[in-house]
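Presented below is the structure to which this report refers.
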Amino acid sequence: MKTSNKLIVFVTVALTSLLFSECTLKEDLAKLQSSVGDLKLSIGTPEFKTGVHIDFIDAKTNAYITGVADVKVSGKDASIIYNNLGQAMNLKHQTMNGMLSLIVDPHKINAATIASNPVQFDITTSLAGYADVTRSVTLREYKTQNIVIPLIKLDAAPVGVTVTDNSSFTTSSQSGAVQTANVETINGGAQTVEVQQNVVLQDASGNPVTGTIQSQIIFYDPTSSAAQNAIPGGTNVTAKLQDGTTQDIKMESAGMFSISLKAGDVDVKTFTNGGLKIRTIVSPTLINAKTRLAVKVGDDIALWSKQEATGNWVFEKTDYIKSENGVLVLEETLTHLSDWNWAWPESTIVDGPKIVWVGDTIGESVKISFGTNSITTFAKPNGTNDGDGVYQLHDFPVLTGYQTITFEFTSPMDVSTFTPSSYEINSGNQTSPFSVTINNNPNVLDLNLTLSASVPSTGTVTTSISPSFILNIKPKSSTDPYTGIPFKNGVGDLNLNLGTEYSLNISIGKMNLNGTIIIEEVGSKLNVTATYGLDSTPFYYSVDKPSSGNKIKAAFDIPITQEQMNLLNPPS
Amino acid sequence: MRKIIIIFFVSIYSLSSMAQIKDSSESTDNSLLKKLPYFGVALGVSASTNGLGINVNTELTKNVVIRLGYESVNATFNNAYTGKIANQSFIITPTWQSGGISAIVDFYLLKGLYLSGGVVYSNMNISATVNSGSAVKIGDIPFLPDEVGQLKLTITPLNRLAPYGALGFGRNISRDKRLAFSFELGTYYMRSYVIGLSVTNLLAANGPANQESLDKLNATLKTISWSGFYPVIKLGISYKIYGETRKK
C-alpha cells in the first residue's frame, strides 16, 4: 500500500472517531429537555381599542357603589358591545367593584370613520335601593372613553335631590280609574304631583293598572349643582327638538321630576281621561338660559320627556312661567310617565376644546375639572406610550357672551404637575387647541410591570395568560375614582411615587382582582411589593435602584385556580 | 449506527483506492502530459444542503485548488404540518434558509479524492412559524388566524463566520477535460446554534415571558458538542474555462 493510501485510511478513521466516538446524544438531549422545561406558553387577549369604562358612584358620597348593579345595553349599536373579554352576555352585564368596562367589536368599527359614524348605545343601570338610570353613550374616537354614572340612593339622596315614597299614593278600580284624588307634596309644597279622580291608569300595553298605587317621586332642584350632576344620564343629552331634528344639547333645567307609579310589579305608563299634574315653584334667582336674565313671568321653556329605551329626550311642548300668589310656578298635566324636565336647550359643539399634551414623555392620567364636571383621562404626549397627544371634549356647550368655563388640571396619582394648571375657555377660544405641559415629579418611578396569571402545574410546559386589560389604580388614601392604565399582553407602565401605597383593581370579563402595590427603597434596592386577593397574598420583587433615570421593571405571575383561568380564557 | 458509518467510510476508501490505481496507470501512460502546467480556472455550480451555488475554482498546483463560492437556499414549506391542541388547530410552516459566501482550499490526496478546509459566512436561519389553523373565539368575538398572531422559532448560528471541513470525491476542476464532477461530505462549525423566538399579537407575551428560559437554553446549547455543526452534502459540476486539458 502506498503512503498516500495509508494516509487516507488514517484520515478516514480519525474523522470517524472524532465525529462520533464522543457522541453524548442521550445526555445532551436530557440537558436540552431540562432547559425546554422552563419554557412557558403564554396566551394574550385582544387589546380592544374602542370602548367605555364606566365608574358607578353614589351620587351623594361620590364613592363607588358597593353592590352589584345590573347593566343592560340597548340601542342602535348594542349588538356590537361586549365586556372586555369579548363576551356579549346577552347584553346584560354586571358591575364589579362599582365599575364596568365595555368594548366595541373591533371588526365592526373603523378608526378612520368612527368620528363621522360614531358608535351609539344606551346603558340602563339597576341596583336595589337606587333609582334606575339610562345613559346614552356615543363613541366618536378610536379609544376608551371614561364616564361616570352617579346613582341616586333612594334613602340617601344628594343635596337638591328629593325622593318621596308613598306606598299608598292612591287606589284604582278594575277599570284602572283612580278612586281617590291625591296630591303628593315635596319640599314643603314647593313641588306637587296631583292625580284627579277617574283618571285611568294604564300599563305599557294599555291595560288598566288596578289596586293600591305606590309612588316614588324624585325631584331635581335646578339651583343645586349636586342635583343637576345627579340627573340620570347627565344634562348633556341627545334630544329630539321641536322642529323634529335630533341633536346633542345641554339641558339647562328649571325643574325635573322622575315619577314612578305602580301597583305591585305593574308600572303605570299612560293616563286617559285626564293625567298627572306636576307643579314646581321656580326660584326668581334662576337664570333663563335663553335670555341670560333671571326668570320672570311669561318666560317660555320647553318641557321634555325621556325615552326609557334610548335615554334620549323628546320635546313635548312649550310652557310658560306664571305667577301664583306672588311666586313663579311651572305646571303641566302629563299623559304618560317617564322623566320630565322643564329645560332650555343649549346647543353644543361636537368638537369642543382640544387639549394638546406636551412635556414629559411618560405622561400619566389627568383629572380635568370644569364647572361641576370632571373627567379623568390619559395625558400622554404624542407618540409615547400609545398616547395620541390630544384630548378633545365633545358635545361641549356653546359659550356665548361673557360665559367662561375654567379647566383645572390635576394629577389623580399625584405624580405630575400641569402647566398651566388652569385654562379659561370662552366664546372666543372654545374650538381652539391649547397646550398643557406635563412635568413629572422628580421622584416618580416609571415601573414597567409585567403581569401574568397561571395555574400552578407540574407539567413540563406551563401555560399562562397575559391578558390585555385596563389596570385601575389610585393612591390608597385617595377618595378619587381610579385611574385606568392600559396593559397590553400583560405589560404596562405605571408612574408611582416612592413609598406611596396604591390600590389596584383589574376586571377582566367576569373576573375581578383587587390588590395593592408599593415601591420602597431599601439600601441600594427598590422593593416592589404587590398584594392581591381577600387574604392580600403578597408578592415581592426587588430591583437595583437605577443609576440614572427612573425606569425600573418588575414581573409578577399570579397563581390562579383553574376556575379563574376558565373565566379569563373560557374553554371553547 | 457507528457500524454503518464505518462501512460507509471504508467504501469511500475502496473507491478512492481504485481511482488511485486507475489514475496511476493513466499517469504512466501519459508521462509526457505531466510536464503541462496544472494552473487552470473553472466555473462551477453546486447543489447542497447549504443551497444552490456558483463557484470559481482555481487549480494552483497539482494538489491545491482554491474555491470561491456563493450558495443560497430559501425554501418555505407552507402548511407542512397541521396539529391540534385542546381542540385548537395550528399550522406549522418551516422555512429553510441557508447559504453564504465561502472561501475553500481543496487538497487533493488523489486525483479524485480531496480534503477541503476553509471559511464560510453563513446565512443560516432555519425557522418554523406556528399559526392558528382556524379562527379563535375570544368570548363571543371570532378572531381570524392573522389576528391571533404567530409564533416563530428560529435557529441561527452563534458565529456566522464559520470554519468548514470536508472530504470530497471527484474534482472541482477537471485535470484531463473541461467537465468535472464532485461529491462532498462536510460540515460548517458555527460554535453553537442560537434559538430565537419572535411572536405577534395575542402570542406576543411569549417573547418576554420566555426570554430567561431561552437564554438558559442557548447557554445549554453552547455546552453540547454537536451544537453549531451544519452538515453539508454537496454535488458539484464545473467547467474548465482556462488552462490545459490533458486529454484532448
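Less than 5 angstrom separates the built amide H of A:Asn288 from those of A:Leu293, A:Ala294, A:Val295, all sequence-distant by 5 or more or on a different chain.
For A:His394, the residues 5 or more places off, or on other chains, whose built amide H falls under 5 Å of its own are A:Gly352.
About its Cα centre, what dipole magnitude does the range A:108-219 give when the only charges are +1 on Lys and Arg Cβ and -1 on Asp and Glu Cβ, stated in debye to the nearest 20?
With Lys and Arg at +1 and Asp and Glu at -1, about 520 debye.
Based on Cα atoms of the protein assembly as shown, Rg over Rh with Rh as the Kirkwood radius reads 1.20. Separation of the range A:208-239 and the range A:60-103, taken as the distance between their Cα centroids, equals 22 angstrom. Projecting the Cα atoms of A:Val163, A:Gly326, B:Pro37 onto the charge dipole of the protein assembly as shown (Cβ charges, centred on the Cα centre) puts B:Pro37 farthest toward the positive pole. The residue among B:Tyr81, B:Val136, B:Leu52 whose Cα reaches farthest toward the positive pole of the charge dipole of the range B:36-243, with charges on the beta-carbon of Lys, Arg, Asp and Glu, is B:Leu52. The string of couplings for the range A:238-246 from the Karplus curve (6.51, -1.76, 1.60, θ = phi - 60°) is 9, 9, 8, 7, 4, 7, x, 7, 10 Hz, one whole number per residue in order, with x for Gly and Pro.
Could you size up the charge dipole of the protein assembly as shown around its Cα centre, putting +1 on the beta carbon of Lys and Arg and -1 on that of Asp and Glu, and report it in debye to the nearest 20? Mind dumping the intermediate values first?
Values: 62 positive and 67 negative charges, 1169 e Å.
Approximately 5620 debye in magnitude.
The ranking of A:Val366, B:Val136 by Cβ neighbour count inside 10 Å, starting from the fewest, reads B:Val136, A:Val366. A Förster distance of 60 Å, applied to the separation of the beta-carbon atoms of A:Ser432 and B:Ser198, puts the FRET efficiency at 0.85.
Placing unit charges on the Cβ atoms of the charged side chains and taking the dipole of the range A:444-568 about its Cα centre, the candidate lying farthest along the positive direction among A:Ser503, A:Asn472, A:Ile485 is A:Ile485.
With respect to chain A, whose longest principal axis is taken over its alpha-carbon atoms, helix A:3-20 is tilted by about 40°.
What ranking of A:Met99, A:Met89, A:Met413 emerges when the number of other C-beta atoms within 10 Å of each C-beta is taken as an exposure proxy, fewest first?
Values: A:Met99 21, A:Met89 18, A:Met413 26.
Arranged by neighbour count, lowest to highest, A:Met99, A:Met89, A:Met413 become A:Met89, A:Met99, A:Met413.
Kindly provide the helix-only [θ] at 222 nm of the protein assembly as shown, computed as the sum of -39,500 (n - 2.57) over DSSP H runs of four or more divided by all residues, to the nearest 500 deg cm²/dmol?
Values: 7 runs with 91 residues, N = 820.
It comes out at -3500 deg cm²/dmol, rounded to the nearest 500.
Ordering A:Thr537, B:Thr200 from the fewest to the most neighbouring beta carbons within 10 Å gives A:Thr537, B:Thr200.
Read the figures in this text as sums done on the coordinates, not as results from a lab. Quick caveat: nothing in here was measured; it's all calculated off a predicted structure. Neighbour counts run over all protein chains shown; Cβ positions are idealised from the backbone, glycine included.
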